[in-house]
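To start, the structure under review is shown below, and the notes come after it.
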Amino acid sequence: MTAAGSAGGVDVVDLTGVSGPLLTAPAPLRFLRRHPTLHQLVRFALVGALGTVLNAVIFIVLRQWWSALPANLVALLLSTAIGTEANRLFTFEAVRTPYRWRAHAQNVGTVAFYAVYSSAVLMLVAAVVPDPSPLLESVAVAAASVLGGAARFLVLRYWVFAGARADA
């Protein structure tokens, strides 16, 4: 493989036996590859956003039959389990970790934290807004989870998957 120079501001390479130029990765992707923590943070935010949407959908569905707190806890359990597995595979690329107990401890800690935290948010919403809608409750919990998500990223990156990253 030899570099053929630039064409219109885009790096072009010449591969022997392959006709036509191949473009390199776009600048944002190259930047993220050079900054693994930022790369993981972007992936974590994507998983977190999808997990928050999943939590909200499950909550709103369950809220049709249950009160806010039980619906919140079940939605939390399901979305946390799915989100943690997605982070393990996608964000931290840890197919196997020798410290699997860390992931289990993190799951338990996350569920306990969010159960108390989101329940407190729901009780605060109920105290401030008479007869809040399930949508308002869901939005309040989702907004509050952004702060908890930042702490969760740090725990996952530097404690749960730290050994798997070092072994890779």
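I need the phi-derived Karplus couplings for segment 40-55: 6.51 cos²θ - 1.76 cosθ + 1.60, θ = phi - 60°, integer Hz, Gly and Pro marked x.
Each residue's phi maps through the Karplus curve to give 5, 5, 5, 5, 4, 5, 5, 4, x, 5, 5, x, 5, 5, 4, 4 Hz.
How do the peptides 75-81, 45-51 rank, highest first, by the average count of neighbouring beta carbon atoms within 10 Å per residue?
Ranking, from highest mean packing down: 75-81, 45-51.
Between LEU50 and GLU93, how high is the FRET efficiency from 1/(1 + (r/R0)^6) when r is the Cβ-Cβ distance and R₀ = 22 Å? Nearest 0.05.
Taking R0 as 22 Å, the efficiency between LEU50 and GLU93 is 0.80.
Hey, if you put +1 on the Cβ of every Lys and Arg and -1 on every Asp and Glu Cβ in segment 35-167, which of TRP66, ALA49, LEU89 ends up farthest toward the positive end of that dipole?
LEU89
Between GLN64 and ARG34, what is the spin-label point distance in nm, taking each point 7 Å from the Cα along the Cα→C-beta axis?
Each label point lies 7 Å from its Cα, and together they span 5.1 nm.
Every number in this text was worked out from the coordinates using simple rules, so none of it is lab data. The structure displayed is predicted, hence computed values, not measured ones. Using ideal geometry, Cβ is built from the backbone for each residue, glycine included, and neighbour counts are taken over all protein chains shown.
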